[in-house]
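Novice: Sending over a structure as C-alpha cells; questions will come in a sec.
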Amino acid sequence: MNSSGDAGVQELLDLAAVSSLKYRYLRTLDTKQWDDFEACFLPEATADYNGLVFEDRAALVEYMRTNLGEGMITLHQVHHPEIEIDGDTATGRWYLQDKVIVDAFRFVLEGAAFYEDRYVRTADGWRVAHTGYRRTYEMTTSLDDLPNTKISGPGVHTH
C-alpha cells in the first residue's frame, strides 16, 4: 500500500478511536463509572455545558460524581458525528439527545444539543481536551403529571 493509502487507513482508525472515546465517555457517565469517565479526559481538559463551565478534569469529574449519583437515571446518546482529524488533534461535532429522571423529585428533563469537542492523541490513545454543548431545546416534566408512570432503575426486571 502506498503512503496515501496508509494515511487513509490511519485516518479511518483515528475516526473509529475518537468515536469509541465519545461513546465510552457517555456510557461511563450514564453507568456512573467515575474512574473510567475520568480516564476519557486530559488532566487539563475543560468543559462548557451551555454555560456550566469546568476549568479542569478534576472539577468536571467531581461535579458529575456529586450531582449525577445514585437515584438519578441518565441517558445520553450522540449521533451524526462530524469528526476532523489533523495529525495528533481532532475536532468533533455530535448531535446529543439526553434524558435525566429523578424519581425522588418526580422530575424528568429531556433535551437535545450540539456537542463541540476537541481531542488529543496521547501515548494512551485519544483523550478529550475540551467538551461542551449548546442546547437546541430543553423540556422538563413532572412525573406527577404522568400518573401511571413507574420508574425502574438499572438491573430491575420489568416482567
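Novice: Any residue at all in segment 94-102 that is closer than 19 Å to residue 26 by Cα, crowded, with 18+ Cβ neighbours inside 10 Å and out of contact with any Leu (no Cβ under 9 Å at 6 or more places or on another chain)?
Specialist: Yes, there is a match, as at least one residue in segment 94-102 is closer than 19 Å to residue 26 by Cα, crowded, with 18+ Cβ neighbours inside 10 Å and out of contact with any Leu (no Cβ under 9 Å at 6 or more places or on another chain).
Novice: Next up: If you check every pair at least six apart or on different chains, which have Cβ atoms under 7 Å apart with a residue in segment 106-118 that is touching a residue at least 12 places away in the same chain (Cβ under 8 Å) and over 15 Å from residue 21 (Cβ atoms) first and a residue that is outside any strand (DSSP E or B) and charged (D, E, K, R) second?
Specialist: Pairs found: 106/144.
Novice: Please verify whether residue 116 is of a type in the set (Asp, Glu), touching a Gly at 6+ places or on another chain (Cβ under 9 Å) and part of a strand (DSSP E or B), treating the condition exactly as stated. Let's see the steps before the verdict.
Specialist: Working: of a type in the set (Asp, Glu): yes; touching a Gly at 6+ places or on another chain (Cβ under 9 Å): yes; part of a strand (DSSP E or B): yes.
Criteria met by residue 116.
Novice: Among the numbered criteria (1) in a strand (DSSP E or B); (2) touching a helix residue (DSSP H, G or I) at 6+ places or on another chain (Cβ under 8 Å); (3) free of Cβ contacts under 8 Å to residues at least 40 places away in the same chain, which single criterion is violated by residue 121?
Specialist: (3)
Novice: Looking only at segment 110-130, which residues are surrounded by 15 or more Cβ atoms within 10 Å (Cβ to Cβ) and among the hydroxyl-bearing types (Ser, Thr, Tyr)?
Specialist: The answer is 115, 119.
Novice: For residue 154, which of the numbered conditions (1) under 22 Å from residue 24 (Cβ atoms); (2) surrounded by 13 or more Cβ atoms within 10 Å (Cβ to Cβ) fails to hold?
Specialist: All conditions are met except number (2).
Novice: Of 92, 87, which residue is at positive phi and either modelled with pLDDT of 95 or more or out of contact with any helix residue (DSSP H, G or I) (no Cβ under 9 Å at 6 or more places or on another chain) (or both)?
Specialist: Numbers: 92 fails: at positive phi.
The unique qualifying residue is 87.
Novice: Return the only residue of 137, 133 being among the hydroxyl-bearing types (Ser, Thr, Tyr), part of a strand (DSSP E or B) and either surrounded by fewer than 14 Cβ atoms within 10 Å (Cβ to Cβ) or touching a Lys or Arg at 6+ places or on another chain (Cβ under 8 Å) (or both).
Specialist: Values: 133 fails: either surrounded by fewer than 14 Cβ atoms within 10 Å (Cβ to Cβ) or touching a Lys or Arg at 6+ places or on another chain (Cβ under 8 Å) (or both).
Residue meeting the stated conditions: 137.
Novice: So, one more: Among the numbered criteria (1) farther than 30 Å from residue 13 by Cβ; (2) in contact with a Ser or Thr (Cβ under 7 Å, 6 or more places away or on another chain), which one does residue 69 miss?
Specialist: (2)
Novice: Looking only at segment 114-123, decide whether some residue is under 14 Å from the mean Cα position of the chain (by Cα) and among the basic types (Lys, Arg). Write out each step before concluding.
Specialist: Within segment 114-123, the subset under 14 Å from the mean Cα position of the chain (by Cα) is 114-119.
If we keep only those that are among the basic types (Lys, Arg) as well, we get 118.
Yes, segment 114-123 contains a residue that is under 14 Å from the mean Cα position of the chain (by Cα) and among the basic types (Lys, Arg).
The values are calculated or read from the model by the stated rules, or taken from the named source; none is laboratory data. A quick note: this is a predicted structure, and the numbers were derived from the prediction, not measured. Note that each Cβ is placed from the backbone with ideal geometry, even for glycine, and that neighbours are counted across all protein chains shown.
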